[in-house]
Amino acid sequence: MDSWNSIFKEQGKVFTKPHRDMKGIVDLLKERNAKRVLDLGCGGGRHLVFFASQGFEVYGLDAATSGIEIARNWLAENNLNCNLTIHRMEEKFPYEDSFFDAVISIQAMHHNKVKEIKFTIREIKRVLKPDGIIFITFPMFELLKKKNPWPLEKIEKGTYLPLEGPEKGLPHHFFTEREIYKAFKGFDIKKIYLDSSKHRAILGFKK
């Protein structure tokens with residue numbers, strides 16, 4: 001995640017507002033009396049601050065050390081607590097089985113090859129409590145082509161590397177909707193929809 005480490009160093013927080021649908025996720029969590037939330041690929045901490053301010057016990061995991069430092073400072077500025085970990089999501093998570101009530105991951109998990117993403121999905125299932133909630137977003141391939149005019153190298157089915165630009169050399173994997181259902185077969189997927197940023201948003205529960 002060297003690309004995003006550099007991006008955070010150069011640009012700071014990058015994202016400052018939570019995902020537009022996160023208020024609805026908070027309402028769902030409160031309805032289900034959920035307490036402990038993991039933000040996987042938390043970056044500069046926009047969702048950590050949001051969930052911590054709502055009274056949740058929040059954990060953030062990201063491989064970008066500069067992003068974690070930004071998140072730490074942002075939380076401190078708001079007198080909020082959070083357990084932050086510098087860790088790669090394609091490695092076993094440093095949490096016990098059935099530890100979290102919910103796992104969110106916004107515009108982060110696609111930065112890997114499909115084998116590593118499927119490992120991450122298995123780890124999400126492991127650390128979630130039974131019937132735990134997932135809210136995860138993945139980009140559409142059309143969005144990458146529109147947003148990033150740089151040449152791309154296809155390295156496997158559905159996975160591309162930008163050859164120029166700030167995310168040069170960073171994998172971008174694109175699932176079809178059918179592939180999402182297959183990859184998340186250990187979950188009861190309630191809905192998949194296009195969010196306001198034209199990413200596929202997934203809401204589901206651990207079986």
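Counting only the Cα atoms, region 2-206 fills a convex hull of 108 Å³ per residue. Ordering 150, 74 from the fewest to the most neighbouring beta carbons within 10 Å gives 150, 74. Helix-only arithmetic for the chain: the sum of -39500 (n - 2.57) across DSSP H runs with n ≥ 4, divided by the residue total, places the mean residue ellipticity at 222 nm at -9500 deg cm²/dmol.
Taking other C-beta atoms within 10 Å as the exposure proxy, 53, 196, 105 rank 196, 53, 105 from fewest upward.
If you rank 36, 46, 126 by fewest surrounding Cβ atoms within 10 Å, what's the result?
Ordered by Cβ neighbours within 10 Å, fewest first: 126, 36, 46.
Read the figures in this text as sums done on the coordinates, not as results from a lab. Since the model is a prediction, treat every value here as computed from it, not as a measurement. All Cβ positions, even for glycine, are placed from backbone atoms using ideal geometry, and neighbour counts span all protein chains on display.
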